[in-house]
Amino acid sequence: MVKLHSLQIGSARIGGSLGSGSGLLCGSIFYDKHSIVSDAFAGDFDPDKAGRLLDRATMLGERYGVQMAIDVIAASEVAMDKFLAFTAARTPLPMMINATEADVRVAGLKTADRLGVLDRCIFASLNEDTEAHELEALGRHRPAAVMVLANDPSDPTPEGSCNMVEERFHPMLREIGVEVPIVDLGAMDPPSVGIAMRGITAIRQRFGYPAGCAFSNCFPQWTGMKALGKDWVNLSLAAALVACRAAGGDFLHYGLIEKSHVMAHVAGSAEVFYGFAAQELDGQPLPKGHALLKMFKLTPLE
């Protein structure tokens, strides 16, 4: 049986057997057309509104006993430097360095190194188009975790994702000296979340790596669900979160950081079930502040 690996990312630890810890809930900030951003390329934003969103996510992690992370998205190198510096100063949570352009991701690594926060950063991510200078930068500026996007359009099955990790990403990971990545199983439309769930289980069984997906990616395309209204979309997002976690998901991207309150409550409820079973049936000691110890002591939010 393969060893289930775990990763320490700042104060968070993910991976291992289901229920031994909690999944990592990731919410995006400074994303495309985010209302708090006035100029995406210049990195101009409303610090008061951004601060409140970050404070809220930080508070919710503590309140519900779940692990939260911030997905910092930027459109330019200048913006990445500003957004990452602000986020790092405002919250102690783990941070994803995320951008469409390779140069912006590399700039994020350099900024995180300058700020001394690489130990709580996730590089998002290695993919089919990863360039050599990104690998060189990762060798010089080592984050706590490196994510790989294991979504093969020519073979979107769980076996295809496993083969992609083996054939495409293992050589990259060896080059930069990373033994345990986080594997992101792509979910680009509503039905594919089920395939991603199977992929999460397959990756964990074959390699023992922490795995998960951005199940939120599919919801903008679910037009019928959007027509029902925000509350119904959130219910379906909650169902996707719990289902992916039950499949062994360690990386759980719920989408916009504005949804942190709903997703933290849902995740905390589910972690009670998984954690209690792991404690009672597997003899797993639960980490301090686990949802099992928090969810029964909740008081109303002001």
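The values are calculated or read from the model by the stated rules, or taken from the named source; none is laboratory data. All of these numbers come straight from a predicted model, not from anything done at the bench. All Cβ positions, glycine included, derive from the backbone under ideal geometry; neighbour counts span all protein chains shown. With ligands, DNA and RNA removed, areas are computed over all heavy atoms of the protein, side chains included. Shrake-Rupley method; radii C 1.70, N 1.55, O 1.52, S 1.80 Å.
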**Study point:** Volume of the Cα convex hull of the range 84-221, divided per residue and given in Å³
**Key:** 113 Å³
Practice item. Using a/c under 1.5 as the rounded threshold, could you call the range 223-283 rounded, prolate or oblate? The axes a ≥ b ≥ c are square roots of the C-alpha gyration tensor eigenvalues, and prolate needs a/b larger than b/c, oblate otherwise. Key: prolate
Practice item. Would you kindly find the accessible area of Arg204, with a 1.4 Å probe and non-protein molecules such as ligands, DNA and RNA excluded, rounding to the nearest 10 Å²? Key: 30 Å²
Study note, to complete from the structure: Probe 1.4 Å, heavy atoms of protein chains only: per residue, the accessible area of the range 2-47 in Å² is 43 Å²
Check your understanding: Excluding ligands, DNA and RNA, what is the solvent-accessible area per residue of the range 242-302 at a probe of 1.4 Å, expressed in Å²?
Key -> 51 Å²
Practice item. Could you do me a favour and compute the accessible area per residue for the range 108-230, 1.4 Å probe, result in Å²? Key: 44 Å²
Practice item. Normalising by the residue count of the chain, find the relative contact order in percent from Cα pairs under 8 Å and 6+ residues apart. Key: 23 percent
Exercise for review: Please identify which residues in the range 71-102 have an amide N closer than 20 Å to a label point set 7 Å out from the Cα of Ala42, following the Cα→Cβ vector.
Suggested key: 73-87
Review point. Setting aside same-chain residues fewer than 8 positions from Lys230, which aspartates and glutamates have a Cα under 14 Å from its Cα?
Key: Glu258
Practice item. Tally up the carbon and sulfur contribution to the accessible surface of the range 106-208 as a whole percent, 1.4 Å probe, everything protein left in place. Key: 49 percent
Point to revise | Links that overshoot a 25 Å alpha carbon limit, given the list Lys226/Lys297; Lys33/Lys82; Lys49/Lys259 | key: Lys226/Lys297
Revision key, fill the gap. Hydrophobic long helices for the chain, i.e. whole DSSP H runs reaching 18 angstrom or more by Cα along the axis with Kyte-Doolittle mean at least 0.0, come out as 77-90, 102-115, 192-206, 230-246, 260-282
Practice item. Starting from the Cα gyration tensor of the chain, multiply each eigenvalue by 5, take the square root, and state the resulting semi-axes largest first in whole Å. Key: 26, 24, 20
Revision key, fill the gap. Cα extents of the range 1-101 along the principal axes, largest first, in whole Å, come to 50, 31, 20
